[in-house]
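Visitor: Supplied in structure tokens, the structure appears directly below.
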Amino acid sequence: MLPQRLTTFVGRNQELDQLAHLLDEARLVTLTGAGGCGKTRLALEVASLRSQTRPTQAYFVDLAPVAQGWLVAHALAAGLAVTEKPQAKLLETVCAALQSEPALIVLDNCEHLVQAAAEAAEAMLRGCPQVHIIATSREALNIAGETSFQVAPLEIRDAMRLFLQRARLSRPGMHAEFGEVAVIQELCERLDRLPLAIELAAGRLRVLPLGAVDGGMDNRLQLLSSGPRTAPGRQQSMRGSLDWSYDLLDEQERNCFRRLAVFAGGCDARAATIVCESDLDTLARLAEKSMVMVVESATGPARYRLLETVREYAAEKLAGAGQLEATRRRHLNFFLELAETAAQSIRDQALSAQALELDQDNLRAALDWAGIEHPRLEMRLAAALGWFWFVRGHLSEGTQRLTTALSRGGDHDSVRASALKWAGSLARDYAGSEAAQSLLQDSLTISREVGDEAGEADALLRLAGVLRGTGAFDSAAELFAESLSIYERLNDHFGIAVLHFHHGLLARFRGDTSNARRWLEQSETELRALGHEFFLAQALNQLGHLALERGDLQAAQARLEEALSTNARLKSNFGCAIALDGLSALASLKRRHERALRLAGAAEAVRSAVGMKMSPNYHKPLERWRAPSRKSLGAAAAVVYEEGRRLGLRDAIAYGLGERHQPTFLSRRELQIAEFVTHGLTSREIAQRLGISTRTAEGHVERLRNKLGFRSRAQVAAWMTAQLDESSISTLGDGSLGA
Ligand SMILES: Nc1ncnc2c1ncn2[C@@H]1O[C@H](COP(=O)(O)OP(=O)(O)O)[C@@H](O)[C@H]1O
Ligand SMILES: [Mg+2]
């Protein structure tokens, strides 16, 4: 979970040792120092070494693109892959997720948000006893328990090694000729042995001979030092090398470089070329000169990024050139178009949401800018992003952004109706169904006023969904029908298929299984024809559960497996949970009891990670099917269930689908041992009973404890007894599908 490092790491052996010790003693170590001195790189190296030698998961959270304090929690959640839960503070959800996990978090670039970063760090240290943090910041965070560590310049030999290594990237095979060693040494000293300055200088070697690089640097630094020497020397040498690198760019390169400063969290080539009015060739030249970082990705297009120190410099130049406004405007237009296109295609492809996730910081920056300069575009952008916030579960951020945009007033038109619609959809989980109804009602009213029929049908559909959730089935049915008739009039095949799905779901809620099946099968056929996978996956889930209810195990398996793999592909976690629940019931019915309870545990873990609530009606049949499994396994039932809970989404999916690479579980023997432990047997007694050696028995107990994360066997026993007493189902609620 650490970002890939593209270049070799040089030197710093002493620092690595020191930091390893410091982290044993303090839970927060803040690396301080000027921009470009190597804080981030050192933090990453420490984290990577530590996660290789200990059972610690390392995470990287970059705060550089985060513009406002309240978004720090969102950055943490994204970096730690934690999903927001309805009606809970995001920071608390993040802390809860790491409560019992040994983790090391690199909190990079705290300087511009010291207060918010300090609060977040403090909350994590308090709430997560096994979490350690390495922060990087130009100044310390100043909280209790923090140790700050000033990152020194490289040692001269390492500085020279770094220069040579990077030089070889520009000139492969280069090695220092006799006599050049002294020049390199002098150059590195002049650059204060600052890694970033050294990399920039080495990047020039492609076009300039070493002597010219050294000479150019010399002039530049003399020029600087002839001014008032107020800034600390190191900042000046960083500045000097940036100035010099910048001056050597041609006009095209400079233009592109400056404009890249408006991106938050980097961008892909298309965004860069459009917003910077540049081309790929220029970008590539900037990358060769180490001015721009290129991060290749296995799953998407490469991303172009500026190191934070470099970005600040570029921003200064951009403002100086009087191009800030125009570039921001192009940035806003670009991301507005991206969001509006995605909002259209999301109706057909939930995958677009994943693409938007990569540009979240840019979308936030565009919203911030629009909020100041172009309120109308802010509303359009917020309305276009409603879908994204909704399907990705970014409830609080979406609500806040939409509320802000709506509060600025503006025309009563379909854009406003759409913003209200999304605010209402988010409110159902966030603020409750009353708030949701009122927002959706406003949306409906405006859509009718302006004669936006598609908007009207959509608002009706959502309003009906909220009503279904409150149990007002008759009113819900009426509104669904009204919505359907509009879609039929508009000949909107997708809308019709979705409405058939909702009719089916409502029938199922009302216990009308035959109509439920009829509607859902019709919807399935239509969605297949349209190639719309997201709703198809939800329909398959419902059909799978219905097949279980009528005892058609073969049909159930086919539907549920397809539902699971499709939901997994679309990264719809709630859909995965429902499929896993179904497959768990199926396993029970087939008398595969361990599998049944593991899948039940896995489903419950996924559900609670996304804060998904289901009605008792959802759980009742599942529990009925699982009861024989619980009974058959006895005390071990709780252990297998817990194994399932700890699987993690990826392994749970692989297990659910019966894929070849299966996670490993406790053996039968270990399960047997768990049962003995619950009954208070010692390892010796267990060994006697099973006719194995005491050491072997101890080994089994040990594995069991590790698997369950307990320190003592007493804890294991207490935990298992508690599990046996209570039903493991704790989430109750409305059970709607968030469509
Ligand atoms: N010890 C090192 N070995 C190799 N490269 C380094 C080292 N320290 C820093 N760098 C490189 O120098 C540049 C600036 O370092 P960075 O860690 O981003 O600085 P900071 O975070 O202090 O601004 C980066 O490209 C980084 O990869
Ligand atoms: Mg940094």
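Visitor: For region 455-488, enumerate the residues that are closer than 13 Å to F509 by Cβ and either of a type in the set (A, V, I, L, M) or not in a helix (DSSP H, G or I) (or both).
Guide: A464, L467, G471, A472, A476, A477 - these are the residues of region 455-488 that are closer than 13 Å to F509 by Cβ and either of a type in the set (A, V, I, L, M) or not in a helix (DSSP H, G or I) (or both).
Visitor: Another one. Here are the criteria: (1) touching a Ser or Thr at 6+ places or on another chain (Cβ under 6 Å); (2) surrounded by 21 or more Cβ atoms within 10 Å (Cβ to Cβ). Tell me which single one S345 does not satisfy.
Guide: (2)
Visitor: Name the one entry in L221, L210 that is crowded, with 20+ Cβ neighbours inside 10 Å, more than 29 Å from L324 (Cα to Cα) and either at pLDDT below 75 or over 43 Å from the mean Cα position of the chain (by Cα) (or both).
Guide: L210
Visitor: Only one of these conditions is not met by I105: (1) within 16 Å of ligand 2 (Cβ to nearest atom); (2) within 21 Å of E397 (Cα to Cα). Which number is it?
Guide: It is condition (2) that I105 fails.
Visitor: Identify the residue in region 25-79 that is more than 26 Å from L358 (Cβ to Cβ) and among the basic types (K, R) and, among all such residues, is nearest to ligand 2 (Cβ to nearest atom).
Guide: R50
Visitor: Still on this model: Filter region 421-443 down to residues that are free of Cβ contacts under 8 Å to residues at least 24 places away in the same chain and surrounded by 24 or more Cβ atoms within 10 Å (Cβ to Cβ), then give me how many there are.
Guide: Total satisfying the criteria: 1.
Visitor: Let me ask something else. Within region 39-56, can one find any residue that is farther than 20 Å from R12 by Cα, in the same structural domain as V114 (by TED's automatic domain parsing) and not β-branched (V, I, T)?
Guide: So far as region 39-56 goes, yes, one or more of its residues are farther than 20 Å from R12 by Cα, in the same structural domain as V114 (by TED's automatic domain parsing) and not β-branched (V, I, T).
Visitor: Might you check whether a residue that is farther than 30 Å from A212 by Cα, in a helix (DSSP H, G or I) and not hydroxyl-bearing (S, T, Y) occurs anywhere in region 255-265?
Guide: Yes: one or more hits.
Visitor: Would you point out which residue out of Q14, Q4, Q18 is modelled with pLDDT of 90 or more, surrounded by fewer than 12 Cβ atoms within 10 Å (Cβ to Cβ) and away from ligand 2 (no atom under 13 Å from the Cβ)?
Guide: Q14
Visitor: Also, quick follow-up: Which of the residues belonging to region 106-132 are within 16 Å of ligand 1 (Cβ to nearest atom) and under 21 Å from the mean Cα position of the chain (by Cα)?
Guide: Scanning region 106-132 gives V106, L107, D108, N109, C110, L113, A117.
Visitor: Can you tell me how many residues in region 444-453 are assigned to a helix (DSSP H, G or I) and surrounded by fewer than 19 Cβ atoms within 10 Å (Cβ to Cβ)?
Guide: 5
Visitor: Could you please give the count of residues in region 13-53 that are closer than 16 Å to V106 by Cα and more than 10 Å from ligand 1 (Cβ to nearest atom)?
Guide: Of the residues in region 13-53, 17 are closer than 16 Å to V106 by Cα and more than 10 Å from ligand 1 (Cβ to nearest atom).
Visitor: Now for a separate question. Consider only pairs whose beta carbons are under 8 Å apart and that are at least six residues apart or on different chains; among these, list those whose first residue lies in region 139-168 and is touching a residue at least 40 places away in the same chain (Cβ under 8 Å) and more than 14 Å from L187 (Cα to Cα) and whose second residue is away from ligand 1 (no atom under 14 Å from the Cβ) and of a type in the set (D, E).
Guide: Here the result reads A140/E146; I143/E122; T147/E25, each pair linking region 139-168 to a residue that is away from ligand 1 (no atom under 14 Å from the Cβ) and of a type in the set (D, E).
Visitor: Determine whether region 585-595 contains at least one residue that is closer than 30 Å to A88 by Cβ and buried (at least 24 other Cβ atoms within 10 Å of the Cβ).
Guide: Scanning region 585-595 turns up at least one residue that is closer than 30 Å to A88 by Cβ and buried (at least 24 other Cβ atoms within 10 Å of the Cβ).
Visitor: Starting from region 35-50, take each residue that is among the β-branched types (V, I, T) and list its partners that are near ligand 2 (Cβ under 8 Å from one of its atoms), counting only C-beta distances under 6 angstrom and pairs at least six apart or across chains.
Guide: T40/D108; T40/T136
Visitor: Oh, and also: Of all residues in region 371-417, which are part of a loop (DSSP other than H, G, I, E, B) and not charged (D, E, K, R)?
Guide: Answer for region 371-417, where residues must be part of a loop (DSSP other than H, G, I, E, B) and not charged (D, E, K, R): H374, G393, H394, G409, G410, H412.
Visitor: Now for a different question. State yes or no: is N362 more than 16 Å from ligand 2 (Cβ to nearest atom) and surrounded by 18 or more Cβ atoms within 10 Å (Cβ to Cβ)?
Guide: yes
Visitor: Return yes or no: is E453 among the acidic types (D, E) and either farther than 26 Å from Q437 by Cα or within 35 Å of the chain's Cα centre (by Cα) (or both)?
Guide: No: the conditions fail for E453.
Visitor: Got at least one residue in region 169-180 being under 19 Å from V213 (Cβ atoms), within 13 Å of ligand 1 (Cβ to nearest atom) and of a type in the set (A, V, I, L, M, F, W, C)?
Guide: yes
Visitor: Evaluate the following for D250: is it of a type in the set (D, E, K, R), more than 23 Å from L194 (Cα to Cα), over 30 Å from the mean Cα position of the chain (by Cα) and surrounded by fewer than 19 Cβ atoms within 10 Å (Cβ to Cβ)?
Guide: Here the answer is yes, as D250 does meet what is asked.
Visitor: Would you confirm whether any residue within region 64-84 is under 30 Å from G371 (Cα atoms), touching a Leu at 6+ places or on another chain (Cβ under 8 Å), within 16 Å of ligand 1 (Cβ to nearest atom) and touching a residue at least 40 places away in the same chain (Cβ under 8 Å)?
Guide: Among the residues of region 64-84, at least one is under 30 Å from G371 (Cα atoms), touching a Leu at 6+ places or on another chain (Cβ under 8 Å), within 16 Å of ligand 1 (Cβ to nearest atom) and touching a residue at least 40 places away in the same chain (Cβ under 8 Å), which makes the answer yes.
Visitor: Select from region 92-105 the residues that are among the polar types (S, T, N, Q) and either outside the structural domain of L44 (by TED's automatic domain parsing) or within 19 Å of the chain's Cα centre (by Cα) (or both) and list them in ascending order.
Guide: T93, Q99
Visitor: Restricting attention to region 293-342, which residues are assigned to a strand (DSSP E or B) and either in contact (Cβ under 8 Å) with a residue 60 or more places away in the chain or surrounded by fewer than 17 Cβ atoms within 10 Å (Cβ to Cβ) (or both)?
Guide: M293, V294, V295
Visitor: Related question: Output the qualifying pairs, or none if there are none: Cβ atoms under 9 angstrom, residues six or more apart or on different chains, first residue in region 456-475 and more than 17 Å from A427 (Cβ to Cβ), second residue surrounded by fewer than 23 Cβ atoms within 10 Å (Cβ to Cβ) and β-branched (V, I, T).
Guide: Note: pairs meeting the criteria are E456/I486; A457/I486.
The values are calculated or read from the model by the stated rules, or taken from the named source; none is laboratory data. Treat the numbers as computed from the prediction; the structure is a model and nothing was measured. Using ideal geometry, Cβ is built from the backbone for each residue, glycine included, and neighbour counts are taken over all protein chains shown.
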